[in-house]
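Okay, so here's the structure we're looking at.
The values are calculated or read from the model by the stated rules, or taken from the named source; none is laboratory data. The structure displayed is predicted, hence computed values, not measured ones. Please note: Cβ atoms are built from the backbone with ideal geometry, for glycine as well, and neighbour counts cover all protein chains shown.
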Amino acid sequence: MHARGRKGENPHKKRQNSFQSKFSVNVWAAVIGSHLIGPYFLPERLTGDVYLEFLENELPELVLPVLEEDVPVVFQNDGCPAHYQRTVREYTWIMHFQTLGLVEAALFLGLHGPQT
């Protein structure tokens, strides 16, 4: 509700204006080579656990049919809270090194540099 008043009107009178509304859509899509994948609509309330489930279960089914070995792939998250949950960061970090065949290096380096 917004408070609006004209000269001489009660300043405490409120009138509802519905010209502004908030909406949210979480969509994942990709371009690999000449293939457009998606859109895949994620739940409105996107948590790290829901996003991790998407990465582990849905993403491979969407991407693997069109993935070619000679096409470079860049996987990018935008830093929203669901993308930055620790389990999601660990999964994407290891997933990246797995594609390079360097899982042991990923486990040694850790997320924020070498682990001692």
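I'm trying to understand the selection: among the residues of the range 31-59, which are over 12 Å from the mean Cα position of the chain (by Cα) and among the small types (G, A, S)?
G33, S34, G38 - these are the residues of the range 31-59 that are over 12 Å from the mean Cα position of the chain (by Cα) and among the small types (G, A, S).
So the check is Cβ under 6 Å with 6+ separation or different chains; which pairs have a first residue in the range 72-83 that's farther than 23 Å from S34 by Cα and part of a loop (DSSP other than H, G, I, E, B) and a second one that's of a type outside the set (S, T, N, Q) and modelled with pLDDT of 75 or more?
A82/L46; A82/G48; A82/Y51
Criterion first (in a loop (DSSP other than H, G, I, E, B) and without any contact (Cβ under 8 Å) to a residue 60 or more places away in the chain) does E44 satisfy it? Let's see the steps before the verdict.
Details: in a loop (DSSP other than H, G, I, E, B): yes; without any contact (Cβ under 8 Å) to a residue 60 or more places away in the chain: yes.
Judged against the criteria, E44 is a match.
Do you know which residues across the range 84-93 are surrounded by 15 or more Cβ atoms within 10 Å (Cβ to Cβ) and more than 11 Å from T47 (Cβ to Cβ)? So that I can check it myself, show each step before the final result.
Taking the range 84-93 first, the residues surrounded by 15 or more Cβ atoms within 10 Å (Cβ to Cβ) are 85, 88-93.
Across the range 84-93, the qualifying residues are R89, E90, Y91, T92, W93.
Filtering the range 1-33 down to residues that are assigned to a strand (DSSP E or B) and under 20 Å from Q76 (Cα atoms), which residue is modelled with the lowest pLDDT?
I32
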